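The values are calculated or read from the model by the stated rules, or taken from the named source; none is laboratory data. The structure presented is a predicted model; accordingly, all values stated were derived computationally and were not measured. A quick note on method: Cβ atoms are made from the backbone with ideal geometry, for glycine too, and the neighbour counts reach across all protein chains shown. Heads up: the accessible areas ignore ligands, DNA and RNA and are worked out on the full protein's heavy atoms, side chains in. Shrake-Rupley method; radii C 1.70, N 1.55, O 1.52, S 1.80 Å.
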Amino acid sequence: MPQTTAPPIVVAAPLVDAHIHPDKSSWGGPWLSRDRADTLRDFIDNDVRTQAAYTRSVEDRALALFRTAAGQGTRAMRAHVDVGPACGVANVHGVRAAADRLRGVLDVEIVAFPQQGLLTAPGTFDLLDAALGEGADVVGGIDPEGLEGDVDGHLDAVFGLAAKHGADVDIHLHDGGDAGLDQTRRIAARATAEGMGPRVTVSHAFAVAAATGDALTSIADDVAAAGIWLVTCALGGDPVLPVRFLRERGVNVAVGSDGVRDAWTPFGSGSMLDRAHLLSYRTDAMTDADLELAYDACSTAGAKLLRITTDPSGDRIEYPGECLAQVVIDRPTPIRVLRDGDEIARDGVLVS
Ligand SMILES: [Zn+2]
């Protein structure tokens with residue numbers, strides 16, 4: 001009788017999405033067409049209009065995205081959820097309700113995110129305060145200079161709420177150039193002054209991503225000394241953090257999806273394996289070690305950020321393939337996803 005050999009299987013760590021916006025997503029619904037946007041304010045206005053026009057609830061859309069991501073091996077997420085005059089705290093309730101329906105499958109940490117501005121959108125400070133008592137876990141912030149025009153005022157508000165609620169901090173920082181580097185340093189200094197270190201994250205950090213030479217080395221050393229996290233999403237034409245360089249200098253770097261098929265972008269699949277592929281592509285990965293590093297940034301690093309402990313024997317993803325580097329390139333559907341030894345997904349679909 002001819003011998004049959006089982007196809008090779010690659011066993012990998014659970015994926016972690018360190019930055020996603022489930023309340024904005026059209027996932028599971030009809031195709032969403034988008035208006036062109038150029039400025040950050042254009043994007044925000046598009047987003048408010050789009051969310052107001054959705055006929056499906058935040059809970060339905062978030063749950064659809066969560067089920068897809070978990071089926072593809074995402075174990076945990078940090079979800080940035082809008083809080084502000086357009087939606088109050090309703091999106092936090094919707095995302096929390098969706099997360100509750102997947103308890104034991106997907107861990108969801110919610111950032112109360114002042115998308116429209118914290119100081120500049122009236123009432124948002126009080127809404128963030130309320131959100132942190134009603135299901136949000138982390139205090140968000142956004143462009144203290146570029147959007148708000150008051151770096152100290154913005155950071156006072158964010159870190160004040162964090163102290164009041166015992167919450168972590170995660171600030172969107174799109175601001176580039178010296179202004180962005182200066183704000184990164186001021187956030188790092190606040191983290192140190194408050195004794196928060198790795199409980200503070202700068203998301204996107206485009207200024208750090210675009211820095212080169214001595215400027216990059218200098219900011220990397222300051223960020224490493226503070227112990228804060230940087231999160232990149234390897235987006236389109238935006239600068240992407242040089243993950244290997246930063247890690248070698250002791251900087252904590254995790255990766256997320258950002259928006260998934262929302263008003264901001266038609267792209268995104270909810271799969272962090274796809275994101276590892278995009279990160280590899282954007283950072284000119286060449287060797288197996290480069291590709292494995294991208295996978296690690298999309299899995300183990302995010303677990304550390306979210307303080308999730310996993311056991312390699314019970315928490316794992318099984319992919320068809322020869323090796324992890326090939327998996328990052330081919331992006332196969334996982335054969336099985338296991339959590340605490342239980343099979344939670346097969347062939348990319350949740351079993352319950
Ligand atoms: Zn974001």
Every listed condition ((1) more than 16 Å from the ligand (Cβ to nearest atom); (2) assigned to a helix (DSSP H, G or I); (3) in contact (Cβ under 8 Å) with a residue 40 or more places away in the chain) holds for residue 302 save (1)
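Got a sec? Which strands (runs of 3 or more DSSP E) wholly within segment 135-251 have at least 2 residues that are open to solvent by 10 Å² or more (accessible area, probe 1.4 Å) and at negative phi? Explain how you work it out, then say what you get.
Working: elements: 138-142, 168-172, 200-203, 229-232.
Passing ranges: none, list empty.
Given the structure, is residue 41 more than 22 Å from residue 275 (Cα to Cα) and either outside any loop (DSSP other than H, G, I, E, B) or more than 16 Å from the ligand (Cβ to nearest atom) (or both)?
Answer is yes for this residue.
Can residue 124 be described as open to solvent by 20 Å² or more (accessible area, probe 1.4 Å), hydroxyl-bearing (Ser, Thr, Tyr) and more than 16 Å from the ligand (Cβ to nearest atom)? Quick ask: steps written out before the conclusion?
On the way: open to solvent by 20 Å² or more (accessible area, probe 1.4 Å): no; hydroxyl-bearing (Ser, Thr, Tyr): yes; more than 16 Å from the ligand (Cβ to nearest atom): yes.
No: the conditions fail for residue 124.
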Taking segment 231-270, which residues are out of contact with any helix residue (DSSP H, G or I) (no Cβ under 7 Å at 6 or more places or on another chain) and either hydroxyl-bearing (Ser, Thr, Tyr) or within 12 Å of the ligand (Cβ to nearest atom) (or both)? 231, 233, 235, 256, 258, 265, 268, 269
From (1) more than 19 Å from residue 110 (Cα to Cα); (2) open to solvent by 40 Å² or more (accessible area, probe 1.4 Å), pick out the condition that doesn't hold for residue 12. (2)
Within the bounds of segment 53-73, is there any residue that is at pLDDT 95 or above and within 17 Å of residue 134 (Cα to Cα)? yes
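Determine, yes or no, whether residue 6 is of a type in the set (A, V, I, L, M, F, W, C), under 17 Å from the mean Cα position of the chain (by Cα) and either away from the ligand (no atom under 16 Å from the Cβ) or closer than 29 Å to residue 112 by Cβ (or both). It would help to see each step written out before you state the result.
Working: of a type in the set (A, V, I, L, M, F, W, C): yes; under 17 Å from the mean Cα position of the chain (by Cα): no; either away from the ligand (no atom under 16 Å from the Cβ) or closer than 29 Å to residue 112 by Cβ (or both): yes.
No, not satisfied.
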Selection from segment 305-333 of residues that are in contact with a helix residue (DSSP H, G or I) (Cβ under 6 Å, 6 or more places away or on another chain), more than 28 Å from residue 201 (Cβ to Cβ) and assigned to a loop (DSSP other than H, G, I, E, B): 321
Determine the pairs where a residue that is over 16 Å from residue 305 (Cα atoms), located within segment 220-231, has a partner that is hydrophobic (A, V, I, L, M, F, W, C) and part of a helix (DSSP H, G or I) with Cβ atoms under 8 Å apart, the partner being 6 or more residues away or on another chain. 220/208; 220/245; 220/246; 222/188; 225/188
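Go through the residues of segment 277-297 one by one and say whether even a single one is part of a loop (DSSP other than H, G, I, E, B), open to solvent by less than 10 Å² (accessible area, probe 1.4 Å) and within 24 Å of residue 76 (Cα to Cα). Talk me through it step by step, then tell me what you get.
Let us first name the residues in segment 277-297 that are part of a loop (DSSP other than H, G, I, E, B), namely 283-287.
Cutting the leftovers down to open to solvent by less than 10 Å² (accessible area, probe 1.4 Å) gives us none.
Checked against the condition, which is being part of a loop (DSSP other than H, G, I, E, B), open to solvent by less than 10 Å² (accessible area, probe 1.4 Å) and within 24 Å of residue 76 (Cα to Cα), segment 277-297 yields no hits at all.
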Is it the case that segment 27-38 has a residue that's within 16 Å of the ligand (Cβ to nearest atom), touching an Asp or Glu at 6+ places or on another chain (Cβ under 7 Å) and not small (Gly, Ala, Ser)? no
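Quick test for you: out of 62, 157, 136, pick the one residue that is free of Cβ contacts under 8 Å to residues at least 40 places away in the same chain, of a type in the set (A, V, I, L, M, F, W, C) and either out of contact with any Cys (no Cβ under 8 Å at 6 or more places or on another chain) or over 29 Å from residue 184 (Cβ atoms) (or both).
157
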Given the structure, is residue 20 crowded, with 21+ Cβ neighbours inside 10 Å and either modelled with pLDDT under 95 or over 30 Å from residue 309 (Cβ atoms) (or both)? no
Within the group 311, 340, 315, 330, which residue is closer than 26 Å to residue 5 by Cα and either of a type in the set (Gly, Ala, Ser) or open to solvent by 50 Å² or more (accessible area, probe 1.4 Å) (or both)? 330
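Take the residues in segment 190-212 that are among the small types (Gly, Ala, Ser) and under 21 Å from the mean Cα position of the chain (by Cα); name whichever of them is farthest from the ligand (Cβ to nearest atom). Spell out how you get there, then give the answer.
First, the residues of segment 190-212 that are among the small types (Gly, Ala, Ser): 191, 193, 195, 197, 203, 205, 207, 209-211.
Imposing the further condition that a residue be under 21 Å from the mean Cα position of the chain (by Cα) reduces the set to 191, 197, 203, 205, 207, 209-210.
On the way: 191: 19, 197: 22, 203: 6, 205: 12, 207: 16, 209: 14, 210: 17 Å.
The extreme case among them is 197.
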Out of (1) open to solvent by 50 Å² or more (accessible area, probe 1.4 Å); (2) in a loop (DSSP other than H, G, I, E, B), what's the single condition that is false for residue 67? (2)
